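Data block below; observations after.
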Amino acid sequence: MQITSAEFVTSSVSIDKCPAQTLPEVAFIGRSNVGKSSLINRLTNKKGLAKTSGKPGKTQTINHFIINEKSKTPWYLVDLPGYGYAKVAKTSRQAWSKFIEEYLTKRENLCCVFVLIDSRLEPQKLDIEFITQLGQWGLPFAVIFTKADKMKPGGLQTNIDLFEKAMLEIFHELPNILVTSADNGLGKDELTRFIFEEAITP
């Protein structure tokens, strides 16, 4: 399967404003400035679909994109606000946190949460805490390492190994892990295949 079309549907600040729960849905989330929008654009072959910015905290709404709308198996890709140290007011961060939690725990058609991790960094407390919360909620998730082209292979593997060690201190088994680069397309085919064959497949 391939992504043949991707179109913006709507931006929402509460789950009651999201599209009807009639299609399978996967969500992308990560710390601010992890390269989420760039990866979504690379994945969908549509530059500018998700708005990119050098300023953390650009995404402030739940953004739905419909994928392969005219096919027999359309689905939603959802771009969620980043978590972390975005330079926005504390009240805004708290509001985001509340409606992200409501989305993740109440969206019944959500098939998989993709947590994006900056491959250049050793395991970060915020990422570990967020993934732990997903586990406590019982949500299916996978981990995507981003910006892999910025790392030498040895350094990349070291950070992945450290992350896996941190995961095994929390979970009995490792989550699915993918390695990507929005710049050169590394991991795009593997991510596409995972979405179609693992995430949205009943």
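Values in this text are rule-based calculations from the coordinates and carry no lab data. Since the model is a prediction, treat every value here as computed from it, not as a measurement. Neighbour counts are summed over all protein chains in view; Cβ atoms, including those assigned to glycine, are modelled from backbone coordinates with ideal geometry.
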Label-point separation in nm, K70 to T22, each point 7 Å along Cα→Cβ: 1.8
R0 of 41 Å, Cβ-Cβ distance I15-K152: FRET efficiency to nearest 0.05: 0.45
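Between L126 and K165, 0.36 nm times their residue separation minus their Cα-Cα distance comes to what? Please report the intermediate quantities before stating the final value.
On the way: separation 39, 0.36 × 39 = 14.04 nm, distance 1.60 nm.
Gain on extension, L126 to K165, equals 12.4 nm.
Given +1 on the Cβ of Lys and Arg, -1 on the Cβ of Asp and Glu, and no further charges, what dipole in debye does the range 6-199 carry about its Cα centre, rounded to the nearest 20?
Details: 25 positive and 22 negative charges, 189 e Å.
It comes to approximately 900 debye.
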Matching label, mean projected area of the Cα convex hull in nm² computed from the structure shown, candidates [x] 10.7; [y] 11.5; [z] 12.5: [x]
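So if each residue of separation counts as 0.36 nm, and I subtract the Cα-Cα distance between K106 and Q60, what length gain in nm does that give? Can you show the working numbers first?
Values: separation 46, 0.36 × 46 = 16.56 nm, distance 1.91 nm.
Value of the extension gain: 14.7 nm.
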Spin-label model distance (nm) - L139 vs I177, 7 Å beyond Cα toward Cβ: 2.1
